Amino acid sequence: MALLQRKTRRPAEAPAAEGQQTPPPGTYTSQAFALWDEQSRPEGKRHVLELGSAHTSSIEFFGADPCRLQILGLDSVLPIDVGPLDEDEDPSDREVEALREQLPGVAPQSQHGALCWDLPNYLTHAQLRMLGEWMHEVLVVDGVVHLGLYTGSSMPALPPRYGVQDASIIHRAPRDAREVTCPRYSQKDLQNDWPDFEVVRSFLLRSEIQEFVLRRL
Amino acid sequence: MWKKTDSESQPEPTNSIPAPRASRAPSGNGAIIGASIVIDGDLSGDEDLTIHGRVKGQINLPKHTLRIGGDGRVEAKVKAQSIQVDGTVKGDLTAEHEIVIRKSGNVRGNLMAPRIGLEEGAKFKGSIDMEPQDSGRGQETKKSPQPQHRKPDGASATENTAAG
């Protein structure tokens, strides 16, 4: 079944499954988010890291239940331009440091879930590794991460803004019409850079994004 | 000769229809801190307050609305019944009713209120602490309280899945 679906993949937003309504314009159906949502709910108050921007619909969604939503706003700073380097300077050191400066102080093992959306595509390998280490530090054991990797040759020049409409409908608003070459990180890259996480499940969307739900080990 | 009645002689009421405007205080008799005013210290009061100037310290209006105008700059820990932000805030905001960050608003800090509104274009960085007073809406979207690693029901025919 899964292989058959892979063959029918098209470069367009995924239509709704049979019997469901078509998602409104500017939105898409995300089973990965639905799974993430289900698995990030603790018995008590949920603590969620939103690596992107604050979005009204996300606030409404998470505010339906006791929740502490931490907004990092990385989508407004990625990709990070570290500027000119000294001759003997390793660019990855500067890149990692620049990203680290954007990450807030968060209590260790305090977060039940994290939403990265497509932000990893705007990171270098070194930055991705550092983000994985930071995630491992701040997420509880079995905490879950949602992220998406572009599988096509290009991607938006700037990260789009994401918002949660409901448990499976996601808003996606481009911020720039330009496109840039995509790093085409693979699942293997992800597993190499985030060794302390395992892929719970992945979903290949017709919009050439592979969504992942990762679990912190 | 034609004596006007009291109602005719009075200016036309402007507040018969609520018209929220950026330059007006939330209520007709609220206090206003002007754009040239700088306050370094604690503020408390028993009326609505609009800040167009700069305030650094603590603000405490437990039964009233605080509005930070588009040119207002606040670096403070704020507690109020309701808070509306058009300007810039660095600090934690706590409201008994609601916090609204307008499209021109820029907040860096932590928010705590039963209702939080964020207009398109508003900038916010920090955490939002939400304790819904009425949990009924949440039950509509809430799923299994037991987080288990299981596949969601009704796997979509539109997406390919690959187990990790």
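Quick check on my filter: what residues within the stretch A:99-145 are of a type in the set (Gly, Ala, Ser) and free of Cβ contacts under 8 Å to residues at least 24 places away in the same chain? Across the stretch A:99-145, the qualifying residue is only A:105. If you filter the stretch A:194-209 down to residues that are facing another protein chain (nearest Cβ under 7 Å), touching a residue at least 60 places away in the same chain (Cβ under 8 Å) and surrounded by fewer than 23 Cβ atoms within 10 Å (Cβ to Cβ), you find that the one that is farthest from the chain's Cα centre (by Cα) is A:206.
For residue A:49, the conditions (1) among the aliphatic types (A, V, I, L, M); (2) without any contact (Cβ under 8 Å) to a residue 40 or more places away in the chain; (3) out of contact with any helix residue (DSSP H, G or I) (no Cβ under 6 Å at 6 or more places or on another chain); (4) not in a loop (DSSP other than H, G, I, E, B) all hold with the exception of (2).
Any chance the stretch A:12-32 includes a residue that's assigned to a helix (DSSP H, G or I), in contact with an Asp or Glu (Cβ under 7 Å, 6 or more places away or on another chain), of a type outside the set (Lys, Arg) and at pLDDT 50 or above? Yes: one or more hits. If you filter the stretch A:52-78 down to residues that are more than 8 Å from chain B (Cβ to nearest Cβ) and of a type in the set (A, V, I, L, M, F, W, C), you find that the one that is nearest to residue B:125 (Cα to Cα) is A:74.
The condition (being part of a loop (DSSP other than H, G, I, E, B) and not hydroxyl-bearing (Ser, Thr, Tyr)) is satisfied by just one residue among A:65, A:37: A:65. Within the stretch A:116-128, does at least one residue satisfy the condition of being within 14 Å of another protein chain (Cβ to nearest Cβ), part of a strand (DSSP E or B) and in contact with a strand residue (DSSP E or B) (Cβ under 9 Å, 6 or more places away or on another chain)? No, because not a single residue in the stretch A:116-128 is within 14 Å of another protein chain (Cβ to nearest Cβ), part of a strand (DSSP E or B) and in contact with a strand residue (DSSP E or B) (Cβ under 9 Å, 6 or more places away or on another chain).
Residues of the stretch A:129-144 that are of a type outside the set (D, E, K, R) and either out of contact with any helix residue (DSSP H, G or I) (no Cβ under 9 Å at 6 or more places or on another chain) or in a helix (DSSP H, G or I) (or both): A:130, A:131, A:132, A:134, A:135, A:136, A:138, A:139, A:140, A:141.
The combined condition, being more than 11 Å from every other protein chain (Cβ to nearest Cβ) and in contact (Cβ under 8 Å) with a residue 40 or more places away in the chain, is not fulfilled by residue A:81.
The values are calculated or read from the model by the stated rules, or taken from the named source; none is laboratory data. Since we're looking at a predicted model, the values are computed, not measured. Ideal geometry is used to build each Cβ from the backbone, glycine not excepted, and the neighbour counts take in all protein chains shown.
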